[in-house]
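Asker: The structure under discussion is supplied below as structure tokens; questions concerning it will follow.
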Amino acid sequence: MARSLPQLLNGERAVVLAYVIQILSFTPLALLPEAGSLSFVSLFALFVEISADSGSNPLARSFRTRPGVPSGILLGAVTLPGLLFSRLIQILRAHTANGIGIEELEYLKLQYWATSASCLIVLIFLSTFCQRQGKSSNSICSLSNSIPMHYVICAVLFVGLGLVSLSGQKYNGFSMAFILMWMLIHGLAAVTLFQKILHMFPACASIGESLLVTLGLAIYFGDMVAYTATKISYLETFMVPLLRYGIKRSEISTIIQGMVFGLLVLPWFYKNVLRMWEYFASFRNGEMGNREIRNSIIFHTLLTFMLILVVPSWMQFVHAFHVHPIIWVFDFVLSEPLNRLTICIYWLVVIYASVGRFYKLSKNNKTTRILLRKYYHLMAVSMFVPALIFQPKFLDLAFGAALAVFLLLEIIRIWKIRPLGHIIHQFMNAFTDHRDSDLLIVSHFSLLLGCAIPIWLSSGFTDRPLAPFAGILSLGIGDTMASMVGHKYGVLRWSKTGKKTIEGTAAGITSVLAACFLLLPLLAATGYIFTTQWLSLIMAVTTSGLLEAYTAQLDNAFIPLIFYSLLCL
């Protein structure tokens, strides 16, 4: 039976579409093709989500997603394209008003089209699954036999918009062919990575969450490949579009990119080295303890080799480090020893005082897990706000170091590497909830990245000084107040099946607005000169607050990006 519009357009979908409409309302004439592609991707994602969440639930037959959670395809599909489009609007505004160079704008435009193309190809892949798996002829998934033609029309329309957007940059035929190939490679890599994530980590994420991670990794490491290729002389002919506008990186962003990539590929190297060891060596069936010790030695050896030699070699190849990158980090920290070492000491004191206390509270059954986890959000506010105001570059590096440590600890926990594997697993289990699993614990990653990504994205030019605080405000203050007030005083629920309350949402929105009003004079006192459009700010806070109320996805991952996108406008 056909469903009515209110049934199809539930709370989460309505908020996401409102988010897209807000972004499109700021579109300048120069970005009309990008606006058209964002609208197109959003409508296509809405169609695929309705198909996936139908009664037959076709995607569940092929992928094991996080149980009890809707697919979230629309939210996962529009978040990154919407963020990059908002950033394009901001950079174009800066280029027009302040004469900012066009290089960053044009390279960001290439990244936007690569992201949108990747998203579209993954959506076509998911739609194909819905078509093949749909049983009922009345299901939205069960399309007619002309569906391949629909895909062709979608692809032609999308490519046409891209060509219109890039045609004004005087690319020759070879350059345009390279850009189209670049977009296609991103899309195919995204489809492959999307399947790998869902098969390697079953029941750990929804479709939308996996789509967000897939697009992020594809663009981030596609950028890394392009950055590396531009440094190879005999590839210059093929990299003309990227060389034309340049790929500029600071030392800090290069270090973070190399470290993250090295740690992500470390498990693959470790697994293959173990296989080779067992293949070429003759082992007797000894005790498990000896095997664990051997595996731990191999792991630590590979880790040292990767972080001391392989990754720093790449860093020095793509960037003019005059010393070893590790030495550069120490020199950077000690270049302002009083300020930066004082912040480090302050962080250590906060972590030592807080984590021990929170771990003891986790053993107390009277303290619920959800409230206990919000204490970490408050801790993030106390740690990151002073550093962001007074030492933003140092905070960039500190976030990268924290992400590297989190990745390393999670690898050690999953592979049960001695001597810390069991201890880390026991400690982390004290703070998990229904969104985590024994296989993969993601909450601490989402909190860290939710606070860090808006700051990293704002490390270049930004004329919206509240934008770097998007993660800290939305997660550290808004999400925390919404949970605490809703848990303690909430009565009126947004839906019969959900746990989010109107009182909690109102508290979250109000607390973020109050924090903005307090933060703006403080930023002005530190030298920022800006004008604030209060109506736009209220709309941004309200939209992100309503998304927190309605979404069943991992809100730490989505809300900061949505809030950041709207603040950039």
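The values are calculated or read from the model by the stated rules, or taken from the named source; none is laboratory data. Remember, predicted model here, so these are calculated numbers, not experimental data. Positions of Cβ are backbone-derived with ideal geometry, glycine not excepted, and every protein chain shown enters the neighbour counts. For the accessible areas, the whole protein counts, side chains as well, though only heavy atoms, and no ligand, DNA or RNA atoms are used. Shrake-Rupley method; radii C 1.70, N 1.55, O 1.52, S 1.80 Å.
Asker: Over the residues of segment 462-569, compute the C-alpha Rg and express it relative to 2.2 N^0.38 Å.
Answerer: Relative to the 2.2 N^0.38 Å estimate, segment 462-569 comes out at 1.08.
Asker: Separate question: Filter the cross-link list K231/K393; K109/K271; K109/K393; K360/K500; K393/K500; K393/K499 down to pairs whose alpha-carbon distance in this structure exceeds 29 Å.
Answerer: K109/K271; K393/K500; K393/K499
Asker: I want the local charge near K500. Using Cβ-Cβ distances under 9 Å, sum +1 for each Lys or Arg and -1 for each Asp or Glu among the other residues.
Answerer: So the environment of K500 carries a net charge of +1.
Asker: May I ask you to derive the FRET efficiency for L32 and V159 from their Cβ-Cβ distance with R0 = 25 Å, giving the value to the nearest 0.05?
Answerer: My answer for the efficiency is 0.95.
Asker: Can you tell me which of 505-511, 71-77 comes out highest on packing, and rank the rest after it, using the mean Cβ neighbours within 10 Å?
Answerer: Result, highest mean first: 71-77, 505-511.
Asker: Would you mind getting the accessible area per residue of segment 463-527, heavy atoms of the protein chains only, 1.4 Å probe, in Å²?
Answerer: Here the residues of segment 463-527 average 47 Å² of exposed surface.
Asker: Using a 7 Å offset from the Cα along the Cα-to-Cβ direction at both R291 and H422, what is the distance between the two label points in nm, to one decimal?
Answerer: Roughly 1.6 nm, to one decimal.
Asker: Given a 1.4 Å probe, how much area per residue of segment 13-77 is accessible, in Å²?
Answerer: Per residue, segment 13-77 has an accessible area of 35 Å².
Asker: With label points built 7 Å along Cα→Cβ from the Cα atoms of K393 and V265, find their separation and express it in nm.
Answerer: The modelled label-to-label distance comes out at 2.9 nm.
Asker: If you don't mind, there's one more thing I want to ask. Testing the spin-label approximation: label points 7 Å from Cα along Cα→Cβ at L522 and V310. State their distance in nm.
Answerer: Here the answer is 4.2 nm between the modelled labels.
Asker: Using a cut-off of under 19 Å, list every residue of segment 305-321 whose amide N is near the label point 7 Å from the Cα of F280 along the Cα-to-beta-carbon line.
Answerer: 305-306, by backbone N distance to the label point.
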